[in-house]
1. Can A:SER285 be described as more than 14 Å from chain B (Cβ to nearest Cβ), touching a residue at least 12 places away in the same chain (Cβ under 8 Å), within 13 Å of the chain's Cα centre (by Cα) and outside any helix (DSSP H, G or I)?
2. Of the numbered conditions (1) touching a helix residue (DSSP H, G or I) at 6+ places or on another chain (Cβ under 9 Å); (2) within 11 Å of chain A (Cβ to nearest Cβ); (3) not in a helix (DSSP H, G or I), B:ASN130 satisfies every one except a single condition; which is it?
3. Could you check, for region B:52-62, whether at least one of its residues is in a strand (DSSP E or B) and out of contact with any helix residue (DSSP H, G or I) (no Cβ under 9 Å at 6 or more places or on another chain)?
4. Restricting attention to region A:100-107, does a residue exist that is away from chain B (no Cβ under 14 Å), in a helix (DSSP H, G or I) and under 15 Å from the mean Cα position of the chain (by Cα)?
5. Given the criteria hydrophobic (A, V, I, L, M, F, W, C), within 23 Å of A:MET252 (Cβ to Cβ) and within 17 Å of the chain's Cα centre (by Cα), does A:VAL161 qualify?
6. Listed residues B:GLU267, B:GLU258; which is open to solvent by 10 Å² or more (accessible area, probe 1.4 Å), at the interface with chain A (Cβ under 8 Å from one of its Cβ atoms) and acidic (Asp, Glu)?
7. In region B:119-158, which residues are within 20 Å of A:GLY148 (Cβ to Cβ), of a type in the set (Val, Ile, Thr) and open to solvent by less than 20 Å² (accessible area, probe 1.4 Å)?
There are 2 protein chains.
Amino acid sequence: MRVGLDVGGTKTDAVAVDAAGTITGRVRLATGWGPDGVVQTVVDAVEALVAAGVERGGIQSVGVGMPGQVHPGSSHVLHAVNLGIADLDLAAATAPRLGVPVSVENDVKAAALGADALRGGAGGTMAFLNLGTGVAAGIVSDGTLWTGAHGTAGEVGHIAVDPHGPICTCGQRGCVEALSGGAAIARRWGRPAPLPVLDMLDAADRADPHAQALRADLMIGVSAAVRILVLTADVDVVVIGGGLSGLGDRLMDGVRAELEASAAASEFMRSLHLPGRVQLLPAGSPAAALGAALVGAARERDTRETVFHG
Amino acid sequence: MRVGLDVGGTKTDAVAVDAAGTITGRVRLATGWGPDGVVQTVVDAVEALVAAGVERGGIQSVGVGMPGQVHPGSSHVLHAVNLGIADLDLAAATAPRLGVPVSVENDVKAAALGADALRGGAGGTMAFLNLGTGVAAGIVSDGTLWTGAHGTAGEVGHIAVDPHGPICTCGQRGCVEALSGGAAIARRWGRPAPLPVLDMLDAADRADPHAQALRADLMIGVSAAVRILVLTADVDVVVIGGGLSGLGDRLMDGVRAELEASAAASEFMRSLHLPGRVQLLPAGSPAAALGAALVGAARERDTRETVFHG
């Protein structure tokens, strides 16, 4: 039994996964604040799974997906500002209390692994494009996460695709995230609303010109990210998840229309059949928690192999 | 002994590589036209290596790098227009005459493998960015080529990075190739010259405003490709080769200056240290031919394993 956690800014999702990859238990709880709060959340989440019927002695590993930067192979979480964490070795802080190996991965990377598993382990090469507060992607090939050299693989959100586009929080102009990130859209929309992107889309439907421009930018940015992922990594499928994926068809129809419009004059782009290669992560899928469980299982296996062969 | 060929539009480069990866023989000859001409060139190139002292009986495989589309795992070359080839199974046409297995790879992908080997097999993740008539890249991770799902991995030349940029031959606007490809620059420069890109750079040095704009575009496009490769695949190093790499420091100084200027306002981009991660393939390096020899060796090994285990 592997446990996977998705530690988000407000909620933590926890799943238990059996050897066949089936989710056998799932709980949600509020996320604590700061290093101590997050460590306690991890311990509490495992306890909550046990209370929900997962056998404590059967847990072999805990994998944690977290916002922020996690260097490949390390369990240090850096710059998880939404959780009040500057630098935390999460495995060192929680493994002694849990009594099992703990591994950590960036939440988008974990969700990429989980989204791939949720496709039934179809194999091949896929990307998970997370449209949330920010925009980032993870690339999975034959069930393995593409880690890259320095932990920036999949950072398509900060690729500039319009020299005259809006300024991004990263300092560049016309980044994918400046066009399509939830925080950037909310900032540019400027009207107070509980769900600013939805408010903007509703206004665009009422022919508000500012909203229509922002809606167009949203679709242009997502389409650019899809093209970049297909033309750089040649992924077969781009699965879209994250908070904005809750927009469902309103997002997907717009993205597919933009992909078609931008390919209209290009036989080469049309030959890629991009509109058919974009998929939405089913609502409520615990992709990041499931992926975190898989990261935990893989890391434990690597460690065992090192011990046996090294 | 492995033989590798780089079949270019005018010349074919051929190398023999021993088991340690050392180049032990090298010849160049003119490339023939059309399917028959290219098949004859492949046979002639191997004969020329033998004439130059390579032992015929010691040749275990021949790998061929070719322009055009080569589907992963196939030996069909499609759309190699500069060679007059629409569709050719090069292995079927040459292996019976050569008496050894023949494998085929796109020339830029082969050059990526070769450029990685020329770095001393440093491992890690690198990209080879080919700046020639067109622009394309190959990505190598731990000595293995990233093939992707449909053979379009590394096609960064047709990622649009400026919605107001020049029209690309692919039909899109503002592609990397429309800014930085040799053919696109020659077309936009419009002045007859044996080396139009060099002529344009010389005119830019004399403060010709049209040339200065084209020079700026060249550097902007290459910088965009570097950012895309680093932020999508997280390659450690981008090695620049192809015809335009002959511009040497005039190219590299401009690219590094543009990478620095575009990162000036972005702490995130500065943290990536991109100017230091761009390298020039040493002039005259037989990267594509060497890589083709490595492709041949790898394919032969795969086939043997299939026979033994399958």
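The values are calculated or read from the model by the stated rules, or taken from the named source; none is laboratory data. All of these numbers come straight from a predicted model, not from anything done at the bench. Neighbour counts are summed over all protein chains in view; Cβ atoms, including those assigned to glycine, are modelled from backbone coordinates with ideal geometry. Quick note on the areas: whole protein, heavy atoms, side chains included, nothing else; ligands and nucleic acids left out. Shrake-Rupley method; radii C 1.70, N 1.55, O 1.52, S 1.80 Å.
1. Taking the combined requirement at face value, the residue satisfies it.
2. Only one criterion in (1) touching a helix residue (DSSP H, G or I) at 6+ places or on another chain (Cβ under 9 Å); (2) within 11 Å of chain A (Cβ to nearest Cβ); (3) not in a helix (DSSP H, G or I) is unmet by B:ASN130, namely (2).
3. The answer is no; no qualifying residue exists.
4. yes
5. Answer is no for this residue.
6. Values: B:GLU258 fails: at the interface with chain A (Cβ under 8 Å from one of its Cβ atoms).
Within the list B:GLU267, B:GLU258, the selection yields B:GLU267.
7. Passing the criteria: B:THR125, B:ILE139, B:VAL140, B:THR152, B:VAL156.
Results for (1) out of contact with any Lys or Arg (no Cβ under 7 Å at 6 or more places or on another chain); (2) over 24 Å from B:VAL235 (Cα atoms); (3) within 13 Å of chain A (Cβ to nearest Cβ), shown as yes or no for each residue.
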| residue | (1), (2), (3) |
| --- | --- |
| B:GLY124 | yes, no, yes |
| B:LEU145 | no, no, yes |
| B:HIS150 | yes, no, yes |
| B:GLY157 | yes, no, yes |
| B:VAL176 | yes, no, yes |
| B:ARG191 | yes, yes, no |
